[in-house]
Each structure stands twice: as structure tokens, then as C-alpha cells.
Amino acid sequence: KETARDQLRDNLDQVDDLVTAYKAFSETPNNVLGGSSSGKSENSGDNAKITLDSLPSKYDFPALTTSVEKLVKSTGSVVGSISGTDDEVSQQADSKEGVIEMPFELTAKGDYDSISELMKVISLSIRPISVKSVEFSGTNQDFSVSLSAKSYYQPAKTLEVKKKVVK
């Protein structure tokens, strides 16, 4: 009981520091993406929402392909193809724990600078993307990249609260 009491007291002492740190994180004028915290552009939004959106809570392969396509287009490159397995039905049937991989393949074309920028944007993406293999080909003006990568999602946790009459 004393250990629990001491932990509660310590937690209460830390509340103000936690609130201050959270406000500093979520209310900055510029977010972690370099955009405005209150604007309406692609890179806008407060840090708390961006952080929560970085690791989806459900398997959504079409959303992944849309995100990757947006990254490619933001660099001036052109999407050749984005492929992978849309395994949503199987993922919903399995009750998995922890972070789950979502593998995909991407091909894109552009000039050397746009493909170089694409690789940088992928590495800095708020959504975690791990590149397994990459292959470059072409010339400075007609450059292409093919990569095999994976992103992730983490199933949402649920808390079942039950009411029970105690006699």
C-alpha cells in the first residue's frame, strides 16, 4: 500500500511538468514536418495529431499506397508502380499483437535530383518506412528507382470495462 501511495504522490508531482511539456510539443508554431501547426497545407497540423497518425491502428494498404504516391509526387518524380498484397481480410481475422509489417514495392522515374530527393523524403517520412532493397538505373535526366520496402501498423488496443453487481 505504501509503495502504491508513494507512486501516486510521485505521479501527482509530475503532472504539471507533463502538461507543460505536452503543450510545448503540441502548440509550437511549426510542426515536426516543417509546416504550420494551424495551417491547411499538406505539412500542416499539430504535432500530437501527426504523431498519432504516423503509425496506423489498422491494416489499410490503399492508404499506404496513397501516402507513398504523395511522397513520390512531392519530389517531382513520377510513380511507375506501387504494388504489394492487400491482406486486410486476413489481418482482421488474426488477432495479432505488436507492430505488423506491410511490405510493398515501388518504382519511380524522374531526373537524378528528384529521385535523390525521393530517397531523402522516404527516410524522413513521419510514417515509418524501412527500405529492404533499392536499385537505381538511368542517366541524370532519365533516372529510375525500384525499391522493396515495408511500412507498419499496430492494431489498436481495446479496454473492455464490464459492470458487475457485487453482493
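List of remarks:
- Candidates in region 64-110 are the residues that are in a loop (DSSP other than H, G, I, E, B) and modelled with pLDDT of 85 or more; of these, the one that is surrounded by the fewest Cβ atoms within 10 Å (Cβ to Cβ) is G76.
- Filter pass, V121 being assigned to a helix (DSSP H, G or I) and either of a type outside the set (A, V, I, L, M) or on the phi < 0 side of the Ramachandran plot (or both): yes
- Applying the criterion of being in contact (Cβ under 8 Å) with a residue 24 or more places away in the chain and touching a helix residue (DSSP H, G or I) at 6+ places or on another chain (Cβ under 7 Å) to the residues of region 1-39, the residue that is most open to solvent (accessible area, probe 1.4 Å) is V32.
- Taking (1) open to solvent by 60 Å² or more (accessible area, probe 1.4 Å); (2) within 21 Å of S151 (Cβ to Cβ) in turn, L55 satisfies each apart from (1).
- Here E42 fulfils each of the conditions (1) surrounded by 12 or more Cβ atoms within 10 Å (Cβ to Cβ); (2) modelled with pLDDT under 80 apart from (1).
- Hey, E160 in a loop (DSSP other than H, G, I, E, B), charged (D, E, K, R) and open to solvent by 80 Å² or more (accessible area, probe 1.4 Å) or not: yes
- Against the criterion of being of a type in the set (G, A, S) and out of contact with any Pro (no Cβ under 8 Å at 6 or more places or on another chain), S125 qualifies.
- Residue in region 139-151 that is within 23 Å of S54 (Cβ to Cβ), basic (K, R), surrounded by 13 or more Cβ atoms within 10 Å (Cβ to Cβ) and at pLDDT 90 or above present: yes
- Scanning region 20-53 for residues that are under 23 Å from I129 (Cα atoms), part of a helix (DSSP H, G or I) and not β-branched (V, I, T) yields a total of 5.
The values are calculated or read from the model by the stated rules, or taken from the named source; none is laboratory data. These figures come from a predicted structure and were not determined experimentally. Counting neighbours? That spans all protein chains shown, and the Cβs are built from the backbone with ideal geometry, glycine included. With ligands, DNA and RNA removed, areas are computed over all heavy atoms of the protein, side chains included. Shrake-Rupley method; radii C 1.70, N 1.55, O 1.52, S 1.80 Å.
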